[in-house]
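Have a look at the structure below, then the notes.
The values are calculated or read from the model by the stated rules, or taken from the named source; none is laboratory data. This one's a predicted model, so the numbers in the text were calculated from it and none came from an experiment. When we count neighbours, we look across all protein chains shown, and the Cβ atoms used for this are built from the backbone with ideal geometry, even at glycine. Side chains included, ligands, DNA and RNA excluded: accessible areas come from the protein's heavy atoms. Shrake-Rupley method; radii C 1.70, N 1.55, O 1.52, S 1.80 Å.
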Amino acid sequence: MTTIDVDNPATGAIVGSVPVLGASELQTLVARARAAQPGWAALAFEERARIMLRAQRWMLDNAERVLATVISETGKTYEDAQLTDLGYAVTALGFWAANARRYLADERVRPGINPAVLGRRMVVRHVPHGVVGVIGPWNFPIVNGFGDCVPALMAGNAVILKPSEVTPLSSLLMAEMLTECGLPADLFSVATGDGGTGAALVEQVDCVMFTGSTRTGRVVARAAAERLIPCYLELGGNDPMIVCADADIERAANAAAYWSMNNAGQVCISVERAYVESPVYEEFVRRVTERVAALRQGPPDGPGSVDLGAVIFPPQLEIVDAQVRDAVARGARVLTGGHARQDGGRFYEPTVLVDVDHTMEIMREETFGPVLPIMRVESLEQGVALANDSPYGLQASVWTRDLARGEQTARRLQAGAVCVNDAQVNYSALNLPMGGWKSSGIGTRHGAGGIRKYCRTQSLLVTRFGLRRELFMFPYTRGRTRLLRRLYELLYGRGRRL
Ligand code: NDP
């Protein structure tokens, strides 16, 4: 079988090797998953939750091993791995264990004064799809892969996770964890491999949860449409930050530096472009540049060793550099950074650009690297128009001391999630839905929708007793037809609503 070597992007060292699974291996995995799933779905939520809570404990007990695995295949800092991959997973395991039942319990629906269904008992059920395929990217190997498997499992599905070929080791560790924590066999498998493995997975599962680029998302959506299976897409973004003249500039500048550079900018919801009102533009640029220029970058060596890690995916280095070169060629100025570094590992210097505009790729496309372009705007109106001038709509933020104005502005931004005086942290609010508009995706993760999407909806209507011949049943007679009309008049004639 073909294998893929996994390298440490910060050092270039080979840290593992995984097999490339093809369609026939996937067929076996899916068949086993299908056989195991009904027994799992038949368990009470509490029994499924018990395993997730054991896994939560396992992650904390094995935190150093989890972090070492994530860091070895991503070259990210200890802190980025701890806050996101470890922190998210322990939160998510607890959250879905505690809330799955509440979101998926049968719902009683009242018939209201509808003569057609009066007196009937009506119930909405959430029934697991069966086998869910989760396909993940490389930037957060646990968050955006395993993180989506937890609600799918808690809903009673079997799950097959296809991690990125660049970062499969963390997912394999998650499989080991679930086995140790008592998850019955075949309910969770990791299908290592390349894009072909992902494509083969979509051909066989009952539902797809995909996180990755907009380009691949379209391919996955087409394949899912052909099979008429549900497909949820969490795709790329180019998230704007609007800084109003009345903002707390110290906080806004700190946040801009952090939320654009954390995880070396490889975050779907990172601040990718800043629009700053003219009166505070100079001060904001000065503060952000000072902070970014002071960041330490290099191979991580435990807690507190560096602020920025490596560029995980080899071609990403050229994409980031090409966008910076394009911006400079069109008149942008580099205030700090601006170069790729390949001294053993793959790095891109933390970079701040000014004198940018929307003719530049860096303002219109996802960069997915440690680069923050900052643009001066003459009014909030101009900031909103530029923020919305994008094919993407994943996330956005507004910074102002006037919270009412901040919220009004947030409501005008075309993005699935908008923060006022914050960024990215909404991702940790697991009861708050998050998902992209426009080319940033379809569907949401987190909240009720984040687990109901892994289920089919079944509605039940139960008639305990009814008239043998209701007004609308055969045989049609003038008298009963008129009577029904009169009933409509009586019930709805005065604009009464159901
Ligand atoms: P890609 O789209 O390149 O890959 C994503 C996954 O899809 C990988 O596992 C990949 O496998 C797999 N894949 C590739 N081709 C196919 C195919 N034909 N059918 C099915 N699966 C396939 O994305 P990246 O890994 O480069 O991730 C970066 C992107 O992810 C960025 O655009 C980022 O914004 C986005 N992202 C979005 C998030 C969100 O929540 N909205 C969160 C995190 C990232 P392989 O790697 O083996 O080729």
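Structure notes:
- Of the residues Ser164, Thr367, Ala396, the one whose Cα sits farthest toward the positive end of the charge dipole of the chain, with +1 on the Cβ of Lys and Arg and -1 on the Cβ of Asp and Glu, is Ala396.
- For region 198-268, alpha-carbon Rg over 2.2 N^0.38 Å: 1.63
- Length-normalised contact order for region 153-289 - Cα pairs under 8 Å, 6+ apart - percent: 18 percent
- Solvent-accessible area, 1.4 Å probe, carbon plus sulfur percent, for the chain: 54 percent
- If only the Cβ of Lys and Arg carry +1 and only the Cβ of Asp and Glu carry -1, the dipole of region 353-469 around its Cα centre is close to 1440 debye.
- Our estimate of slack between Arg34 and Glu176, defined as 0.36 nm per intervening residue step minus the Cα-Cα distance, is 49.1 nm.
- Set of region 80-97 residues, backbone N closer than 19 Å to the point 7 Å along the Cα-Cβ line of Leu432: 83-85, 87-96
- Within the chain: Cβ-based charge dipole about Cα centre, in debye rounded to nearest 20 (Lys, Arg +1; Asp, Glu -1): 4160 debye
- For the chain, excluding the exposed loop sites themselves (GluC sites (Glu not before Pro), DSSP loop, at most 13 other Cβ atoms within 10 Å), the longest remaining stretch covers 1-377.
- Where trypsin sites (Lys or Arg not before Pro) fall in DSSP loop in region 335-436, at most 15 other Cβ within 10 Å: Arg401
- Model label zone, Asp301; criterion: amide N under 19 Å from point 7 Å along Cα-to-beta-carbon; scope region 58-81: 68-69, 71-81
- Charge dipole (debye, nearest 20) of region 289-402; +1 at Cβ of Lys and Arg, -1 at Cβ of Asp and Glu: 220 debye
- Backbone N under 14 Å from the Val124 label point (7 Å along Cα→Cβ), restricted to region 186-210: none
- Measure of compaction for the chain (Cα Rg per 2.2 N^0.38 Å): 1.11
- For His339, neighbours were defined as the other residues whose beta-carbon sits under 11 Å from its Cβ, and their charges (Lys and Arg +1, Asp and Glu -1) total 0.
- The mean sequence distance of close C-alpha pairs (under 8 Å, at least 6 residues apart), as a share of the length of region 1-66, puts its relative contact order at 18 percent.
- Angle in degrees between helix 478-492 and the longest Cα principal axis of the chain, rounded to the nearest 10: 40 degrees
- Separation of alpha-carbon centers, region 222-300 and region 430-481, rounded to whole Å: 39 Å
- Between region 70-85 and region 323-354, the alpha-carbon center distance in angstrom: 23 Å
- HN-Hα J in Hz across region 346-361 - Karplus 6.51, -1.76, 1.60, θ = phi - 60°, x for Gly and Pro: 10, 9, 10, 4, x, 10, 10, 10, 10, 6, 9, 8, 7, 7, 8, 4
- Positive dipole terminus of region 36-132, leading residue within Asn99, Val70, Gln82 (C-beta point charges): Asn99
- Gain on full stretching of the segment that runs from Thr91 to Arg456 - 0.36 nm per residue minus C-alpha separation: 128.8 nm
- A simple count of charges around Pro184, restricted to other residues whose Cβ falls under 14 Å of its Cβ and scoring Lys, Arg +1 and Asp, Glu -1, yields +2.
- Rg/Rh for region 79-141 (Cα atoms only, Rh after Kirkwood) is 1.24.
- Options Met52, Ile113, Pro9, ranked by Cα towards positive dipole end of region 1-157, top entry (Cβ charges): Ile113
- Taken over the C-alpha atoms, region 341-498 has Rg and Dmax values of 27.3, 90 angstrom.
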